[in-house]
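**Student:** Before we start, here is the structure in question, set down as structure tokens.
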Amino acid sequence: MNNYKIDDILKKALSGNTLKKDEIVDILSLDNENDLNKLYNAAREIRNRNFMNKIFLYGFVYFSNYCRNNCNFCYSRKSNNIERYRKNTDEIIDISLRLKDSGVNLIDLTMGEDPFYHNSDFKDVFNASFEAKKQTNLPMMISPGVVDHDLIDRFSSSGIEWYALYQETHNRNLFELLRKDQDYDIRMNAKLHAKSSGMLIEEGILVGVGETLEDIADSILEMKKMEADQVRVMTYVSHEGIPLKGDVELNKELEFKTIAVMRLLCQNSLIPASLDIEGIDGLKPRLDAGANVITSIILPSEGLQGVAQSCKDIDDGNRSVETVNKILNEMNLKAATSSEYSSYISSRKALYV
Ligand code: SAM
Ligand code: MD0
Ligand code: SF4
């Protein structure tokens, strides 16, 4: 792309105007260092304008990896022969309390679509999340997969702030390949219902799964349209024994560019830098691209898994707040306080009343 064009597109975004699909595709196609630096600078400028130098930290508790689904990108898919675990309520409370002590702003309670919960009205999930919330007094995100609307209403009225459910792509054909035997509209409607029931929502996509740049542009525009409060992109991490092949090295720059474009369009939304893709080494480039949340902070020695990277950097403590803080420090960024995070949540909720 000629310089003139990229400068114009970035200027447009910096003055708060939205971008068109072909402009997004142009940016996602950038490949020379000079242009990429301009892009990441613009994304950081918009982030800093909206959030100053504050970064939010999310603790991650993947408390059941049993799943009834067979997503072809997921290590926990039903057909994969892996060690399964389901943490009990006391363990979940204990882990949440220790994550809080370590300094996170939010606890993300994540699970596979575990048939045990689906057959018992999510009783244990409610107990655990309610108690964990009461005892930590921290904001909570729930990532249970697709659940009925009445359950979402119950999550909402029990005070859980966030419902996370990623479409992975907004191309229906690709969705069918990725989320085998799952319904696009049921998944989409679950998060739209959560939003209408007063929860904040997180939407997300994968790159390196056979998408085109046009697909990514469509997704970004869709995430903007649905006013997702947090928007994410993750490079697909391939695992032995699961069908889809992928290459993080090859695709991660596309993830960084997507983070930056999401920042240009969804300026006030939260955007994660996930430690679940390249571990702690992947933190800096994602923050440099305009991310303002660090997700997948996991305590060592709890027998907990990540999702994309089931064990990377966990047991050596390298996914901890302590390690993250060292990197933030080097980058002149700072972990947000709980009250700064609560203010963001309140301001975001106030947009919809
Ligand atoms: N089971 C729930 C669901 O599917 O919504 C919540 C947990 S699920 C494992 C969380 C997300 O992790 C998926 O939506 C997907 O975006 C991401 N993910 C799973 N496996 C991945 C992989 N191998 N590489 C990158 N991201 C992955
Ligand atoms: C992460 N492994 O943040 C977690 C997960 C689920 N809400 C989040 C994908 O990277
Ligand atoms: Fe199950 Fe979620 Fe993995 Fe799909 S992505 S197999 S729903 S845990």
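The values are calculated or read from the model by the stated rules, or taken from the named source; none is laboratory data. Predicted model only: the values in this text are computed from it and were never measured. Virtual Cβ from ideal backbone geometry, glycine too; neighbours counted across all protein chains shown. Heavy atoms of the whole protein, side chains included, go into the accessibility calculation; ligands, DNA and RNA do not. Shrake-Rupley method; radii C 1.70, N 1.55, O 1.52, S 1.80 Å.
**Student:** Applying the selection to the range 240-261, what residues are touching a Ser or Thr at 6+ places or on another chain (Cβ under 8 Å) and touching a residue at least 12 places away in the same chain (Cβ under 8 Å)?
**Tutor:** Result: LEU244, GLY246, ASP247, VAL248, ASN251, LYS252, LEU254, GLU255.
**Student:** Given the condition within 16 Å of ligand 2 (Cβ to nearest atom), at pLDDT below 95 and either in a loop (DSSP other than H, G, I, E, B) or hydrophobic (A, V, I, L, M, F, W, C) (or both), answer yes or no: does some residue in the range 60-67 qualify?
**Tutor:** yes
**Student:** May I ask you to list the residues in the range 38-54 that are within 24 Å of the chain's Cα centre (by Cα), open to solvent by 20 Å² or more (accessible area, probe 1.4 Å) and not aliphatic (A, V, I, L, M)?
**Tutor:** Within the range 38-54, TYR40, ASN41, ARG44, GLU45, ASN48, ARG49, ASN50, ASN53, LYS54 meet the criteria.
**Student:** Let me ask something else. Out of the range 98-117, which residues are assigned to a helix (DSSP H, G or I) and away from ligand 1 (no atom under 12 Å from the Cβ)? Reasoning before the result, please.
**Tutor:** Filtering the range 98-117 down to residues assigned to a helix (DSSP H, G or I) leaves 98-102, 115-117.
Selection gives ARG98, LEU99, LYS100, ASP101, SER102, PRO115, PHE116.
**Student:** Next up: MET226 passes all but one of (1) within 12 Å of ligand 1 (Cβ to nearest atom); (2) more than 26 Å from ILE6 (Cβ to Cβ); (3) of a type in the set (A, V, I, L, M); which number fails?
**Tutor:** Answer for MET226: the failing condition is (1).
**Student:** Do we find a residue being outside any loop (DSSP other than H, G, I, E, B) and either away from ligand 3 (no atom under 16 Å from the Cβ) or out of contact with any strand residue (DSSP E or B) (no Cβ under 7 Å at 6 or more places or on another chain) (or both) anywhere in the range 298-317?
**Tutor:** Of all residues in the range 298-317, those outside any loop (DSSP other than H, G, I, E, B) come to none.
No, because not a single residue in the range 298-317 is outside any loop (DSSP other than H, G, I, E, B) and either away from ligand 3 (no atom under 16 Å from the Cβ) or out of contact with any strand residue (DSSP E or B) (no Cβ under 7 Å at 6 or more places or on another chain) (or both).
**Student:** Is it the case that the range 297-308 has a residue that's modelled with pLDDT of 95 or more and either closer than 23 Å to GLY208 by Cα or open to solvent by 10 Å² or more (accessible area, probe 1.4 Å) (or both)?
**Tutor:** No, the range 297-308 contains no residue that is modelled with pLDDT of 95 or more and either closer than 23 Å to GLY208 by Cα or open to solvent by 10 Å² or more (accessible area, probe 1.4 Å) (or both).
**Student:** Which residues, counting only those in the range 189-230, are away from ligand 2 (no atom under 16 Å from the Cβ), over 29 Å from ASP26 (Cβ atoms) and without any contact (Cβ under 8 Å) to a residue 60 or more places away in the chain?
**Tutor:** ASN189, LEU192, HIS193, SER196, SER197
**Student:** Now, a different point. With the requirement that a residue be in contact with a strand residue (DSSP E or B) (Cβ under 6 Å, 6 or more places away or on another chain) and within 16 Å of ligand 3 (Cβ to nearest atom), what does the range 197-216 give you?
**Tutor:** Those that are in contact with a strand residue (DSSP E or B) (Cβ under 6 Å, 6 or more places away or on another chain) and within 16 Å of ligand 3 (Cβ to nearest atom): GLU202, GLU203, GLY204, ILE205, LEU206, VAL207, GLY208.
**Student:** Looking at ILE271, ILE277, which one is among the hydrophobic types (A, V, I, L, M, F, W, C), within 16 Å of ASP108 (Cβ to Cβ) and within 16 Å of ligand 3 (Cβ to nearest atom)?
**Tutor:** After applying the criteria, what remains is ILE277.
**Student:** Out of curiosity, is GLY241 outside any helix (DSSP H, G or I), of a type outside the set (S, T, N, Q) and either under 20 Å from the mean Cα position of the chain (by Cα) or on the phi < 0 side of the Ramachandran plot (or both)?
**Tutor:** Criteria not met by GLY241.
**Student:** Further question on the same structure: Out of the range 69-107, which residues are within 26 Å of ARG179 (Cβ to Cβ), open to solvent by 20 Å² or more (accessible area, probe 1.4 Å) and hydrophobic (A, V, I, L, M, F, W, C)?
**Tutor:** Those that are within 26 Å of ARG179 (Cβ to Cβ), open to solvent by 20 Å² or more (accessible area, probe 1.4 Å) and hydrophobic (A, V, I, L, M, F, W, C): PHE73, CYS74, ILE82.
**Student:** Any chance you could count how many residues in the range 130-144 are open to solvent by 10 Å² or more (accessible area, probe 1.4 Å) and either within 18 Å of the chain's Cα centre (by Cα) or closer than 20 Å to PHE116 by Cα (or both)?
**Tutor:** Total satisfying the criteria: 4.
**Student:** Select, from LYS312, LYS349, LYS334, LYS284, the only residue that is in contact (Cβ under 8 Å) with a residue 12 or more places away in the chain and surrounded by 20 or more Cβ atoms within 10 Å (Cβ to Cβ).
**Tutor:** LYS312
**Student:** Okay, moving on. Scan the range 261-276 residue by residue and report those that are surrounded by fewer than 23 Cβ atoms within 10 Å (Cβ to Cβ) and over 20 Å from SER346 (Cα atoms).
**Tutor:** LEU265
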